[in-house]
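Everything on this sheet refers to the single structure shown next.
Values quoted throughout were computed directly from the atomic coordinates according to the rules given, and no laboratory measurement underlies them. Since this is a predicted model, take the numbers as computed values, not measurements. Glycine gets a Cβ as well: all are built from the backbone with ideal geometry, and neighbour counts include every protein chain shown.
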Amino acid sequence: MDPMEFLGNLILLIVGGNDTTRNSISGGVLMLNDNPSEYQKLKNDASLIPNMVSEIIRYQTPLMHMRRTATKDVMLGGQQIREGDKVVMWYVSGNRDSTKIDRPDDFIIDRPGARNHVSFGFGIHRCMGNRLAEMQLRLVWEEIVKRFEKVEITGPVVRLKSNFVRGIVEMPVVLHAK
């Protein structure tokens, strides 16, 4: 890689990884508070953390969509797409596709095939930091489970007003030590 391409990739990892990982951590705390039976599963069996991380990423879907420009004419699902057309992949919709995911609107930390989500994109446009994000989330949850009995939300959750980043800007919590 030439230096500018290397720098561009590095910046993409730092900026993209910050928003998505941070919002996935916050989203996971929110989902576990909203689903106490799932939190009990986690407390009973910390080996569920890697699968739970995938379920958090699927359910939270930190980036809601990505837009691309068609480079050639193509028919897709009976729809004509012309070269130059803007095409949007709504990850948040793909992650709720009931023809592919059983009970897609439920947060289930031991969901079979939880890693089969589209939050990181697919193919040549797949997020290059996906494994880093999964590792960061796994490590955070391993430490939370070791150190705290519960992460309790104590006030209103304020979501980011955005049609691109699915984030949380305020979420007061209390950490209950073990």
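Table for the structure above
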{"read-out": "Interchain or long-range residues, amide H under 5 Å from His65's placed H", "value": "Tyr91"}
{"read-out": "For Lys150, distant residues with modelled amide H under 5 Å away", "value": "His176"}
{"read-out": "Under 5 Å, built H, 5+ apart or other chain: amide partners of Leu160", "value": "Gly167, Ile168, Val169"}
{"read-out": "Degrees separating the helix 3-34 axis from the principal Cα axis of the chain, which is the longest one", "value": "40 degrees"}
{"read-out": "MRE, 222 nm, helices only [DSSP H, n ≥ 4, -39500 (n - 2.57), over the chain, to nearest 500]", "value": "-14000 deg cm²/dmol"}
{"read-out": "Residue-wise HN-Hα coupling along segment 98-109, computed from phi with Karplus coefficients 6.51, -1.76, 1.60 (Hz; x: Gly, Pro)", "value": "6, 7, 10, 10, 6, 6, x, 8, 9, 8, 10, 6"}
{"read-out": "Rounded if a/c under 1.5, otherwise prolate or oblate - segment 91-146, Cα gyration tensor axes", "value": "oblate"}
{"read-out": "Cα centroid of segment 1-63 to Cα centroid of segment 77-122, whole Å", "value": "17 Å"}
{"read-out": "Total charge dipole magnitude, the chain, about the Cα centre, Cβ charges on Lys, Arg, Asp, Glu only, Debye to nearest 20", "value": "80 debye"}
{"read-out": "Global form of segment 1-92, assessed from the alpha-carbon gyration tensor, a/c cut-off 1.5", "value": "oblate"}
{"read-out": "Taking segment 1-63 and dividing mean pair separation by its residue count, relative contact order in percent (alpha carbons under 8 Å, at least six apart)", "value": "45 percent"}
{"read-out": "Greater than 18 Å apart at Cα, pairs in Lys150/Lys178; Lys41/Lys100; Lys43/Lys150", "value": "Lys41/Lys100"}
{"read-out": "Charge tally in the Cβ shell below 13 Å around Arg159, where Lys, Arg are +1 and Asp, Glu are -1, Arg159 excluded", "value": "+1"}
{"read-out": "Gaussian network model of the chain, Cα within-10 Å springs - most flexible of Met31, Met89, Met64", "value": "Met89"}
{"read-out": "Fully extended contour minus Cα-Cα distance, from Val87 to Val173, at 0.36 nm per residue", "value": "27.1 nm"}
{"read-out": "Top of Val15, Val29, Val92 by mean-square fluctuation, Gaussian network on the chain, Cα under 10 Å", "value": "Val15"}
{"read-out": "Selected from Ser37, Ser24, Ser54 as most flexible by GNM, with the chain as the system and alpha-carbon contacts under 10 Å", "value": "Ser37"}
